[in-house]
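Chemist: Next up is a structure, given as structure tokens.
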Amino acid sequence: MSNYHIKHLEEYYQVYRKSIRYPEVFWEEVAEEHFVWRKRWDKVLSWDFTKPEVKWFEGAKLNITENCIDRHLRIRGEKTAILFEPNNPEEDTQHITYQQLYERVNKFANVLKSQGIKKGDRVCIYLPMIPELAISLLACARIGAIHSVVFAGFSATALATRINDADCKMVITSDGSYRGSKTIDLKGIVDEGVAQCPCVETVLVAKRIHSEINMKEGRDQWLQPLLDAASNECEPEIMDAEDPLFILYTSGSTGKPKGMVHSTAGYMIYTAYTFKNVFNYRENDVYWCTADIGWITGHSYIVYGPLANGATTVMFEGVPNYPDFGRFWEIVEKHKINQFYTAPTAIRALAKENLDYVEKYDLSSLKVLGSVGEPINEEAWHWYNDNVGKKKSPIVDTWWQTETGGMMISPIPYATPTKPTYATLPLPGVQLALMDEHGNEITGNQVDGRLCIKFPWPAMARTIWGNHERYRETYFSAFKNMYFTGDGALRDEVGYYRITGRVDDVIIVSGHNLGTAPIEDAINEHQAVAESAIVGFPHDVKGSALYGFVILKETGESRKHENLRKEINQIITEHIGPIAKLDKIQFTVGLPKTRSGKIMRRILRKIACNETDNLGDISTLLNPDVVQSIIDGSLVKK
Ligand code: WT7
């Protein structure tokens with residue numbers, strides 16, 4: 001795929017124009033390069049956004065692991081595929097070559113088969129960032145099982161909801177995990193979660209921290225002895241282009257999490273193409289994305305995209321501040337990282353620390369810096385550019401979503417001039433539209449609106465697991481014949497895009513997408529709580545933090561409030577995970593509501609952001625008086 005690195009802005013525009021005029025020719029040319037197809041496609045694309053139904057490369061047959069592993073063996077067998085950097089810097093780095101990855105994936109695939117997993121079965125993966133995580137995804141893909149990775153920071157209840165929703169037969173986990181100086185009892189969480197999941201027949205357990213754990217007879221099995229006994233050859237299952245590759249859950253603004261279903265062929269070529277171009281990846285570069293494989297960023301840009309390119313991809317088990325705030329930069333120096341991809345929240349946290357942590361290390365290997373997950377503010381952008389990139393590595397601010405499968409808006413390094421806080425231009429094949437609230441497209445530049453996508457791209461999610469109607473309703477009903485992203489954006493005078501944030505009830509906290517409804521549902525479970533509403537407010541490290549307005553059944557004394565705050569956060573931790581904890585909790589006697597009973601979050605948001613002089617029209621509220629009492633309450637200690 002080396003011949004489609006875009007080299008300058010004019011070339012970007014040429015490629016882009018072609019991709020829009022002849023999208024099928026464009027993506028067919030990408031698919032024809034290097035990939036291994038067991039059978040060629042009959043049709044490149046068929047689509048109908050009203051149903052919605054999208055099919056790419058219909059009729060084609062393939063296995064994604066042949067493309068990510070087997071096809072590299074002849075020329076890259078000894079090259080490092082996965083470079084594992086452990087939590088503890090004293091522990092050795094592991095270099096897993098493509099040949100070794102082949103053997104480990106095949107063995108694992110044979111273990112899955114021996115445990116009765118077949119094509120189309122769902123397997124839940126709940127593992128820390130250890131090599132078994134990447135290997136288990138690929139092992140599922142090898143035999144056509146659908147993986148559903150649940151980020152190992154989610155609670156037992158959140159895990160159980162996801163296992164049951166996808167009806168998973170198996171869970172893959174580990175005894176525990178390391179996180180900085182702490183250990184986490186993952187198996188204990190799995191035991192608690194799986195107790196609520198009648199569909200689970202087997203739990204495979206990898207050893208990582210060598211803790212004493214409980215193994216349930218007839219259900220739990222240690223992974224290693226099974227691997228030792230398995231053959232290292234496993235014929236890949238031949239899949240249809242549109243067969244589901246995986247499910248990955250993302251929060252919605254209402255209801256339970258949405259299991260986004262990604263397909264095989266389109267996802268593969270799209271993540272491969274975007275990885276290659278957006279990171280300007282060259283053979284022998286060492287690439288590091290600091291995300292967890294539990295999120296889409298890790299699926300697409302730690303596992304599938306890099307491996308489809310025969311790249312060396314780093315998997316880091318630890319955290320940015322252990323043993324100290326220099327850890328990222330120590331790793332960059334140690335492995336001579338060429339492309340570094342992280343989240344604004346990490347940059348902001350590191351930027352607060354002493355510059356010595358960065359300056360101590362040789363970062364001259366870096367060629368491209370990436371940002372993902374939330375808008376990157378100007379200050380963080382400059383800190384990254386000045387201190388990490390030394391003003392010579394372009395920053396690619398990549399906008400995309402779990403639903404899009406791959407990056408959608410991003411500069412092409414060394415081609416697109418960057419501009420702080422702007423994700424800049426749509427990638428080839430991506431047709432954006434800004435829409436007004438009446439459903440009309442806003443044309444021209446220097447405008448803003450709701451960000452939509454007009455035409456299918458190969459990596460788009462095809463449905464929500466078990467609920468196609470919700471998929472239609474969430475993404476294809478707001479604007480006719482368009483995919484609606486849920487984000488607002490502006491287009492500047494040269495056509496660059498800047499994402500202005502969510503326009504729905506999703507709040508991005510430290511780059512994690514959190515829906516307000518599931519958090520409110522968790523809080524309302526507390527016996528003392530009558531009702532609650534969550535909004536976001538600006539936070540200097542997390543980007544946004546959560547502010548909860550809570551109505552108690554009985555107005556308690558203030559000395560009880562401190563305990564209640566702890567208990568509310570505890571209940572959130574149990575239902576969702578610590579990432580969803582509230583930074584501020586205000587007890588109030590009421591919430592502003594419309595006449596139809598809907599909470600007016602717009603007003604709460606302003607109160608949370610301390611913008612109370614400009615609340616807009618509150619006369620249509622059912623209970624306008626409550627607003628002043630909330631404002632007064634917000635001024636006392638929370
Ligand atoms: C939402 C999607 C993409 C993988 C990680 C997050 C926000 C993402 C950017 C960016 C501004 C961004 C959007 C989007 N977002 N990247 N570069 N600039 N906002 O995936 O959890 O599905 O969240 O994250 O609001 O809709 P996700």
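The values are calculated or read from the model by the stated rules, or taken from the named source; none is laboratory data. None of the values given here were measured: they were computed from a predicted structure. As a convention, Cβ positions derive from the backbone with ideal geometry for all residues, glycine included, and neighbour counts pool all protein chains shown.
Chemist: For segment 608-638, give me the residue count where each residue is of a type in the set (Val, Ile, Thr) and touching a residue at least 60 places away in the same chain (Cβ under 8 Å).
Modeler: Initially, segment 608-638 is screened for residues of a type in the set (Val, Ile, Thr), giving 612, 618, 620, 626-627, 630-631, 636.
From what is left, the residues that are touching a residue at least 60 places away in the same chain (Cβ under 8 Å) are 630.
The total comes to 1.
Chemist: Would you call residue 301 assigned by the TED database to the domain that holds residue 462, among the aromatic types (Phe, Trp, Tyr) and not in a strand (DSSP E or B)? It would help to see each step written out before you state the result.
Modeler: Values: assigned by the TED database to the domain that holds residue 462: yes; among the aromatic types (Phe, Trp, Tyr): yes; not in a strand (DSSP E or B): yes.
In short, yes.
Chemist: On the given criteria, is residue 359 closer than 23 Å to residue 276 by Cα and out of contact with any Pro (no Cβ under 6 Å at 6 or more places or on another chain)?
Modeler: Working: closer than 23 Å to residue 276 by Cα: no; out of contact with any Pro (no Cβ under 6 Å at 6 or more places or on another chain): yes.
In short, no.
Chemist: Of the conditions (1) under 27 Å from the mean Cα position of the chain (by Cα); (2) of a type outside the set (Val, Ile, Thr); (3) modelled with pLDDT of 95 or more, residue 5 satisfies every one except a single condition; which number is it?
Modeler: Failing condition for residue 5: (3).
Chemist: A further question on this structure: Assuming residue 365 fulfils every condition listed in (1) in contact with a Leu (Cβ under 7 Å, 6 or more places away or on another chain); (2) away from the ligand (no atom under 11 Å from the Cβ); (3) part of a loop (DSSP other than H, G, I, E, B) apart from one, which condition is it?
Modeler: (1)
Chemist: Filter segment 321-362 for residues that are basic (Lys, Arg) and outside any loop (DSSP other than H, G, I, E, B); which is farthest from the ligand (Cβ to nearest atom)? Before the answer, list the steps.
Modeler: Here is the first cut: in segment 321-362, the ones basic (Lys, Arg) are 327, 334, 336, 348, 352, 360.
Then drop every residue that is not outside any loop (DSSP other than H, G, I, E, B), which leaves 327, 334, 348.
On the way: 327: 22, 334: 26, 348: 14 Å.
Checked segment 321-362; the qualifying residue farthest from the ligand (Cβ to nearest atom) is 334.
Chemist: Next up: Does residue 371 qualify as being assigned by the TED database to the domain that holds residue 252 and closer than 30 Å to residue 266 by Cβ? Walk me through it before giving the result.
Modeler: Values: assigned by the TED database to the domain that holds residue 252: no; closer than 30 Å to residue 266 by Cβ: yes.
No: the conditions fail for residue 371.
Chemist: Need at least 1 residues that are in the same structural domain as residue 44 (by the TED database) and within 26 Å of the chain's Cα centre (by Cα) per element, so show me which helices (runs of 4 or more DSSP H) inside segment 178-283 make the cut, counting only ones lying wholly within it. Step through it out loud before you land on a result.
Modeler: Numbers: elements: 186-194, 223-229, 265-278.
Filter on segment 178-283 gives 186-194, 265-278.
Chemist: Collect the residues in segment 491-520 that are of a type outside the set (Ser, Thr, Tyr), at pLDDT 95 or above and more than 12 Å from the ligand (Cβ to nearest atom), keeping them in residue-number order.
Modeler: Matches in segment 491-520: 491, 492, 493, 494, 495.
Chemist: Among the residues of segment 370-409, which ones are under 18 Å from residue 486 (Cα atoms), near the ligand (Cβ under 8 Å from one of its atoms) and of a type outside the set (A, V, I, L, M, F, W, C)?
Modeler: Of everything in segment 370-409, those that are under 18 Å from residue 486 (Cα atoms), near the ligand (Cβ under 8 Å from one of its atoms) and of a type outside the set (A, V, I, L, M, F, W, C) turn out to be 373, 374, 375, 398, 401, 402, 403, 404.
Chemist: Report yes if some residue within segment 578-591 is among the aliphatic types (A, V, I, L, M) and over 28 Å from the mean Cα position of the chain (by Cα); otherwise report no.
Modeler: Yes, there is a match, as at least one residue in segment 578-591 is among the aliphatic types (A, V, I, L, M) and over 28 Å from the mean Cα position of the chain (by Cα).
Chemist: Of all residues in segment 411-424 being in a loop (DSSP other than H, G, I, E, B) and in contact with a Phe, Trp or Tyr (Cβ under 7 Å, 6 or more places away or on another chain), which is farthest from the ligand (Cβ to nearest atom)?
Modeler: Keep residues of segment 411-424 that are in a loop (DSSP other than H, G, I, E, B), which gives 411-423.
Remaining after also requiring in contact with a Phe, Trp or Tyr (Cβ under 7 Å, 6 or more places away or on another chain): 412, 415-416, 419-423.
Values: 412: 15, 415: 18, 416: 14, 419: 13, 420: 12, 421: 9, 422: 9, 423: 5 Å.
Filtering segment 411-424 for residues that are in a loop (DSSP other than H, G, I, E, B) and in contact with a Phe, Trp or Tyr (Cβ under 7 Å, 6 or more places away or on another chain), the one farthest from the ligand (Cβ to nearest atom) comes out as 415.
Chemist: May I pose another question? If you check 533, 545, which single one turns out to be at pLDDT below 95, part of a strand (DSSP E or B) and either small (Gly, Ala, Ser) or under 30 Å from residue 381 (Cβ atoms) (or both)? Working first, answer last.
Modeler: On the way: 545 fails: at pLDDT below 95.
Being at pLDDT below 95, part of a strand (DSSP E or B) and either small (Gly, Ala, Ser) or under 30 Å from residue 381 (Cβ atoms) (or both) holds for just one of 533, 545, which is 533.
Chemist: Filter segment 425-448 down to the residues that are closer than 17 Å to residue 477 by Cβ and either part of a strand (DSSP E or B) or aliphatic (A, V, I, L, M) (or both) and list them by number. Reasoning before the result, please.
Modeler: Taking segment 425-448 first, the residues closer than 17 Å to residue 477 by Cβ are 433, 435-441.
Within segment 425-448, 433, 435, 441 qualify.
Chemist: Next up: Scan segment 511-529 and tell me whether some residue there is of a type in the set (A, V, I, L, M), surrounded by 17 or more Cβ atoms within 10 Å (Cβ to Cβ) and farther than 24 Å from residue 586 by Cβ.
Modeler: no
Chemist: Answer yes or no: is there a residue in segment 463-478 that is among the aliphatic types (A, V, I, L, M), away from the ligand (no atom under 11 Å from the Cβ) and within 28 Å of residue 55 (Cα to Cα).
Modeler: Initially, segment 463-478 is screened for residues among the aliphatic types (A, V, I, L, M), giving 464, 478.
Next cut, away from the ligand (no atom under 11 Å from the Cβ) only: 464, 478.
Subset that is within 28 Å of residue 55 (Cα to Cα): 464, 478.
Yes, the conditions are met somewhere in segment 463-478.
Chemist: Still on this structure, please answer the following. Determine, yes or no, whether residue 301 is of a type in the set (Ser, Thr, Tyr), surrounded by fewer than 24 Cβ atoms within 10 Å (Cβ to Cβ) and either away from the ligand (no atom under 16 Å from the Cβ) or at pLDDT 95 or above (or both). Step through it out loud before you land on a result.
Modeler: Working: of a type in the set (Ser, Thr, Tyr): yes; surrounded by fewer than 24 Cβ atoms within 10 Å (Cβ to Cβ): no; either away from the ligand (no atom under 16 Å from the Cβ) or at pLDDT 95 or above (or both): yes.
Taking the combined requirement at face value, the residue does not satisfy it.
Chemist: A further question on this structure: Please find, within segment 592-607, the residue that is nearest to the chain's Cα centre (by Cα) out of those that are more than 26 Å from residue 539 (Cα to Cα) and free of Cβ contacts under 8 Å to residues at least 24 places away in the same chain.
Modeler: Just the residues of segment 592-607 that are more than 26 Å from residue 539 (Cα to Cα), to begin with: 593-598.
Filter once more, keeping what is free of Cβ contacts under 8 Å to residues at least 24 places away in the same chain: 596, 598.
On the way: 596: 35, 598: 30 Å.
Checking each candidate, the answer is 598.
Chemist: Also: Is segment 521-530 home to any residue that is assigned to a strand (DSSP E or B), of a type outside the set (Ser, Thr, Tyr) and away from the ligand (no atom under 16 Å from the Cβ)?
Modeler: The answer is yes; a qualifying residue exists.
Chemist: If you don't mind, another one. When residue 157 is evaluated against the numbered criteria (1) in contact (Cβ under 8 Å) with a residue 60 or more places away in the chain; (2) outside any helix (DSSP H, G or I); (3) surrounded by fewer than 24 Cβ atoms within 10 Å (Cβ to Cβ), which criterion, by number, is the only one it fails?
Modeler: (2) is the only condition that residue 157 fails.
Chemist: So which of 67, 110 is surrounded by 21 or more Cβ atoms within 10 Å (Cβ to Cβ), in contact with a Phe, Trp or Tyr (Cβ under 7 Å, 6 or more places away or on another chain) and either at pLDDT 95 or above or within 21 Å of residue 242 (Cβ to Cβ) (or both)? Steps first, please.
Modeler: Working: 110 fails: in contact with a Phe, Trp or Tyr (Cβ under 7 Å, 6 or more places away or on another chain).
So the residue among 67, 110 that is surrounded by 21 or more Cβ atoms within 10 Å (Cβ to Cβ), in contact with a Phe, Trp or Tyr (Cβ under 7 Å, 6 or more places away or on another chain) and either at pLDDT 95 or above or within 21 Å of residue 242 (Cβ to Cβ) (or both) is 67.
Chemist: Which residue pairs have Cβ atoms closer than 6 Å, lie 6 or more positions apart in sequence or on different chains, and pair a first residue in segment 479-491 that is part of a loop (DSSP other than H, G, I, E, B) with a second residue that is modelled with pLDDT of 95 or more?
Modeler: 479/435; 479/452; 481/49; 482/452; 482/454
Chemist: Answer yes or no: is there a residue in segment 50-57 that is within 24 Å of residue 225 (Cβ to Cβ), assigned to a strand (DSSP E or B) and touching a residue at least 40 places away in the same chain (Cβ under 8 Å). Working first, answer last.
Modeler: Our first condition is that a residue be within 24 Å of residue 225 (Cβ to Cβ); within segment 50-57, this holds for none.
Checked segment 50-57: no residue is within 24 Å of residue 225 (Cβ to Cβ), assigned to a strand (DSSP E or B) and touching a residue at least 40 places away in the same chain (Cβ under 8 Å).
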